[in-house]
Ligand SMILES: *Cc1c(COP(=O)(O)O)cnc(C)c1O
């Protein structure tokens, strides 16, 4: 497509859709016209890809996830399709500012954080590698809340992302599916066969909205299918819609619509709410039924199911696929238990994302029995057979049956069900997988060693480098050629240039430009002037105790005290940048946000500090904001309490953009460190084993660190001595959590070693050539962390799917 053709089509689209000439069109109309243009092109490829998959009878993979954190799609779709440059040129020619036009698209924020973003990166890699893999999710009417900062506090506003039509979706009413909740189950004998009759249930209609997933430089188009809950027209077989029945109907309609209304805003924590369970079953039932329908159209025997379909469940949230597939195979398709079980457990694979006990899903038996009576019976039977299996075949585990059971103490343990009912269990970084095998899931590993494997997370370098950092991408193209775009490991060729002074100065120029752009954004948005030559030290991720934003703040306060007491001290100016949403009910996290904004306010306005320190809390951390911050980062804060962060993916995005990691030996930091070498990462703090050791021995005494380190004492005392606010209760919860609840996340324990690592960073930064060499080395090794690599491992080692390309040519 050349510019003339694109410009003509753009003009035509504006005319037919909005009856406008380019000079009359608004940014929104321009955006919509472009999306329509892209869709026209994509739709025919999409249709063709489906045909090819169908006629070649290839195995398909379905990625079930309660979250897909897509962000915007217009720019990446254009890039992947090779239209980005002509589109920008056309827009400029008609006096549009492309960035403003693309901003008209709302972020699809259908996810909380890393887990949802991982699902989105995986979709991009699947499509770009021509793999037949699709997403199955929920079309929440409201995505993750919008964070508004008011007087330094987080206020949550609903994210009505569908206010304007979502340009990338197609509603497929004809593919709607019924999902049944509640009711009763009655065993009966029909033709000498035991059957379960389900009656008096509530019907909900699941309507799919399909989003095409466009791969890079390929005509192949995969599908993300998002399900929306609608009421059926005649749920109770009313004869008249009058009086009582009418109100009854309204209540029903309202309760149905709630199912896909909003995303639960908790990350790494478990909500034992009925509505959440409904959402999970809604996703699972609609998804599995539609997959089976599609499979059955091919007239293959059900025995073929595991050879034609893999279902990957993203954490335990969609674990009900296991009893749902059992139900469909037995109750609808008439298979016996043993065959149904064999097919189910050869089809489903499970990814574990956390070992935090507060995040492990456990549903009350009673709730499941009421909402899903048939599934409850199936889960009971799975549990029964599993416990028997341990008893008879694994006597060494007999004394652990109670800990391993799927149902115990009135609760259903979803991780146990997921491990028992699937052929693959994977962790998301080497350390995390080892912790699963050696500790958290040890008895399951003893029983099923062959099921466990590691698949270290990854990120799509197309969004996080090619799209987010175009200047760096061009520098790389000029230096090592363009092959890295399709073969990210080719980035390793940058190693030849890491010591090259002209490459270094180009790299410095690019970073400076990105920092300057972020500085304008910060000034524009928050009215804070930051020094573009300062170190941009970035801590962006969900706010959580284990991610230890508090440790970062304590170091900032320590620097503040140091600089006030030593005004002539020689120091490198720093800008500390935070972005983080806290779950609305997570009070501790909200106190930490308020502490960050309070400290920021104090430091930014202290004339004694001048430009030495600035602290910025950027509002509403999201995919689009991450794309602005990451290319401008010098230091990547990855400072979780060791053992707590399963992988992290923010760490990968930042290294890929040349930031140096300041991190604990946790999650994928360990693998980043191994890839770049210890000279090119700043590591500090307790190791995971040391953390486990402390937890077992109960020898940690946070107060000892407070008593013996005056720096910590100064910082911690400030929390309650009214030096920030008149209100002395604001930060007392934080104070208590450290000194009275013994500092669960070892902030005080790691403080000294963190300060030391920060000093080393400052020293290193002063030698720009050395810094740039390290930065370039990080970029060179970042190809390893592309989700293309991760997805190839899943495809070969778990799903057994292979590339097959539809190509127009
Ligand atoms: C990558 C990403 C995350 C995950 O960040 P971590 O540092 O791995 O926790 C969360 N939110 C958004 C918007 C992201 O892009």
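All of the numbers you see were taken from the coordinates with simple rules; none came from a lab. In this text the structure is predicted, and so the values were computed from the model without any measurement. Neighbour counts are summed over all protein chains in view; Cβ atoms, including those assigned to glycine, are modelled from backbone coordinates with ideal geometry.
For region 767-809, the C-alpha radius of gyration divided by 2.2 N^0.38 Å, with N the number of residues, is 1.90. Highest mean packing first, where packing is the average number of other Cβ atoms within 10 Å per residue, the peptides 89-95, 32-38 line up as 32-38, 89-95.
Just check region 62-150 against the gyration tensor rule for me: Cα atoms, a ≥ b ≥ c as the square roots of the eigenvalues, rounded for a/c under 1.5, and otherwise prolate or oblate depending on whether a/b exceeds b/c. Oblate is the answer for region 62-150, as a/c is 1.5 or above yet b/c matches or exceeds a/b.
With bins 5 Å wide beginning at 0, the percent of Cα pairs of region 543-684 falling in each bin runs 2, 9, 18, 20, 21, 17, 9, 4, 0. Its relative contact order, with pairs defined as Cα atoms under 8 Å and 6+ residues apart, puts the chain at 14 percent.
A P(r) calculated from all alpha carbon pairs of region 432-505, with 5 Å bins opening at zero, reads 3, 13, 18, 14, 9, 7, 8, 10, 9, 6, 2, 0 percent. Pairs of C-alpha atoms in region 105-180 farther apart than 16 Å represent 66 percent of all such pairs.
Each part gets one Cα centre, and for region 106-176 versus region 10-38 those centres are 25 Å apart.
The angle between the Cα long axis of helix 114-128 and the longest principal axis of the Cα atoms of the chain comes to about 70 degrees, rounded to the nearest 10. Just the C-alpha atoms of region 264-318: what Rg/Rh do they give, with Rh taken as the Kirkwood radius? Expressed as Rg/Rh, it is 1.11.
From the Kirkwood radius over Cα pairs of region 1-151, Stokes-Einstein at 25 °C and 0.890 mPa s returns a whole-number translational diffusion coefficient of 141 µm²/s. Comparing Cα centroids, region 179-221 and region 431-476 end up 31 angstrom apart. Each 5 Å bin from zero up to the one holding the largest Cα-Cα distance in region 714-777 carries the following percent of pairs: 4, 15, 15, 14, 13, 11, 9, 10, 7, 1. Based on alpha carbons, the Rg and Dmax found for region 535-580 are 12.3, 37 Å. Using equal-weight Cα scatterers in the Debye expression, the normalised intensity of region 659-771 in log10 at q = 0.14, 0.23 Å⁻¹ is -0.73, -1.21. Region 484-511 and region 607-635 have Cα centres separated by 24 Å. Ordered by the count of other Cβ atoms within 10 Å of each Cβ, fewest first, 181, 710 give 710, 181.
Using only Cα coordinates, the Kirkwood hydrodynamic radius of region 566-637 works out to 13.9 Å. Dividing the C-alpha radius of gyration of region 138-281 by 2.2 N^0.38 Å, with N its residue count, gives 1.36. Once the gyration tensor of the Cα atoms in region 363-484 is diagonalised, the equivalent ellipsoid follows with semi-axes of 43, 19, 11 Å, ordered largest first. For region 286-392, the Cα-based Rg and Dmax, in that order, read 14.7, 45 Å. Computed across region 481-573, the Kirkwood hydrodynamic radius from all distinct Cα-Cα pairs reaches 17.0 Å. Just need log10 I(q)/I(0) for region 82-212 at q = 0.12, 0.18, 0.19, 0.20 Å⁻¹, Debye formula, equal scatterers on the alpha-carbon atoms, no solvent, rounded to two decimals. Normalising to I(0) and taking log10 leaves -0.79, -1.24, -1.27, -1.29.
Kirkwood hydrodynamic radius for the chain: how many Å is it when counted over pairs of different Cα atoms? Result for the chain, one decimal place: 28.1 Å. Building the convex hull from the alpha-carbon atoms of region 1-47 and averaging its projection over directions returns 3.4 nm². What angle, in degrees between 0 and 90 and rounded to the nearest 10, separates the Cα long axis of helix 501-526 from the longest principal axis of the Cα atoms of the chain? It works out to around 80 degrees. Note on the chain: helix-only mean residue ellipticity at 222 nm, from DSSP H runs of 4+ residues weighted -39500 (n - 2.57) and normalised by residue number, equals -14000 deg cm²/dmol. Share of pairwise Cα-Cα distances greater than 14 Å in region 353-397 is 64 percent (whole percent).
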